[in-house]
Amino acid sequence: MSQTGPAASRVLCPPADYRLVESVRALTFSRYDPCARIADGTFWWATRTPDGPATLALRPVGGQLLAEGYGPGADRVVDRADAIAGLRDDLTGFAELAGAHPVVARLAARHRGLRMPATGQLFPRVLRAVFEQKVTGTEAYRAYAATVRHFGTPAPGPAQPLLLPPDPAAVAATAYWVFHPFGVEQRRADTLRRAAAVADRLERCADSAEATRRLTAVAGIGAWTAAEVVRIAYGDPDAVSVGDYHVPNTVAWALAGEARGDDTRMLELLAPFAGHRGRVCLLLAAAGIQAPRFGPRMPLRSFARF
């Protein structure tokens, strides 16, 4: 990676209680994510833009946040740096809603520095979300990391050995069996390839609602995947991952003391927080709340060996 200085920079003024690492952690897929990294308190994020590849660095400096962009797309990522950092997150009305439930009120106070980022980009999140469908987190990360490295293009910027997310056109043109050694069966590979083929249209969606409609029109993408995407691409605070393996149990346990819950019960319990239902789920995750476990963990599998 080039050692030259940033092509663009900007100073952001976050609120006093803002926490960078807690806010941008959702943009990384483990500490070893090849496209995003938190190192020594600085967040590094590699991406593709209409102007070309770019890397964004966000680092606290005093009480401010310094945004630096590298590469041909530097101006674009720096211009959007406040949204990526979560500083456009609108918490209007949430304090009143949170106050109606003691657990939510307590978590909102404890994690008041947590903001929801909005990258403005769909396909990089589609890549991750499709790989997370109905498998363990470890399996999903292995598939994601192997795919990024297969299509690997070094990202611009100093010091951080980051790769760019795969080019959607290249993914769409790749045969499904190429993904097999990465632990991805044909169903998810074909879903990803279909989404990649319409990535240009997806990226032009005006808002979360339009993106959800277009995403769920792609065979293999349902409500869960769409919610996972729009929560990050648009910072949608109301996006709930219906169909998740764990979230309904977590919500039922945290909000009602019930060890198990289905999607219907989850949505019932989240209804009082309409407009911020996804934010409540995020707070529960940030607090590490989990429902009691009664059965064995889902086993790790390797589709490459099937």
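The values are calculated or read from the model by the stated rules, or taken from the named source; none is laboratory data. Everything quoted here is computed from the prediction, not taken from an experiment. Virtual Cβ from ideal backbone geometry, glycine too; neighbours counted across all protein chains shown. Keep in mind that these areas ignore ligands, DNA and RNA; they rest on the heavy atoms of the full protein, side chains included. Shrake-Rupley method; radii C 1.70, N 1.55, O 1.52, S 1.80 Å.
So what is the relative contact order of the stretch 246-287, in percent, for Cα pairs below 8 Å that sit 6 or more residues apart?
Numbers: 39 pairs, mean separation 14.2, N = 42.
It comes to 34 percent, rounded to a whole number.
So what is the relative contact order for the stretch 8-88, in percent, with contacts set as C-alpha pairs under 8 Å and at least six apart? Mind dumping the intermediate values first?
Numbers: 143 pairs, mean separation 25.8, N = 81.
For the stretch 8-88, the relative contact order is 32 percent.
Its residue count N fixes a reference of 2.2 N^0.38 Å for the chain, and the Cα radius of gyration divided by that reference is 0.99.
How big is the shadow of the Cα convex hull of the stretch 1-81, averaged over all directions, in nm²?
Values: hull surface 21.7 nm².
Value for the stretch 1-81: 5.4 nm².
Provide, as a two-decimal number, the C-alpha radius of gyration of the stretch 91-154 over 2.2 N^0.38 Å, N being how many residues it has. Kindly include the intermediate steps, with their values, before the conclusion.
Numbers: Rg = 17.6 Å, N = 64, 2.2 N^0.38 = 10.7 Å.
Taking N as the residue count of the stretch 91-154, the ratio is 1.65.
Pairs of alpha-carbon atoms within less than 8 angstrom and 6+ residues apart define the contacts here; what relative contact order does the chain have, in percent?
Details: 562 pairs, mean separation 54.0, N = 306.
Once divided by the residue count of the chain, the mean separation gives 18 percent.
At each listed q (0.27, 0.32 Å⁻¹), what is the log10 of I(q)/I(0) that the Debye formula gives for the stretch 246-287 modelled as equal alpha-carbon point scatterers? Listed by q, the Debye log ratios stand at -0.92, -1.21.
Each principal axis of the Cα atoms in the stretch 104-229 has its own extent, and those three values, largest first, are 49, 40, 29 angstrom.
Sort His276, His246 by heavy-atom solvent-accessible area, probe 1.4 angstrom, most to least. Intermediate values should be presented prior to the final figure.
Working: His276 15, His246 95 Å².
Correct descending sequence by accessible area is His246, His276.
What is the gain in length, in nm to one decimal, between Ala206 and Thr264 on full extension, counting 0.36 nm per residue of separation less the C-alpha to C-alpha distance?
Details: separation 58, 0.36 × 58 = 20.88 nm, distance 2.90 nm.
Gain on stretching Ala206 to Thr264: 18.0 nm.
Think of each Lys and Arg Cβ as +1 and each Asp and Glu Cβ as -1; about the Cα centre, that makes the dipole of the stretch 8-88 roughly 140 debye.
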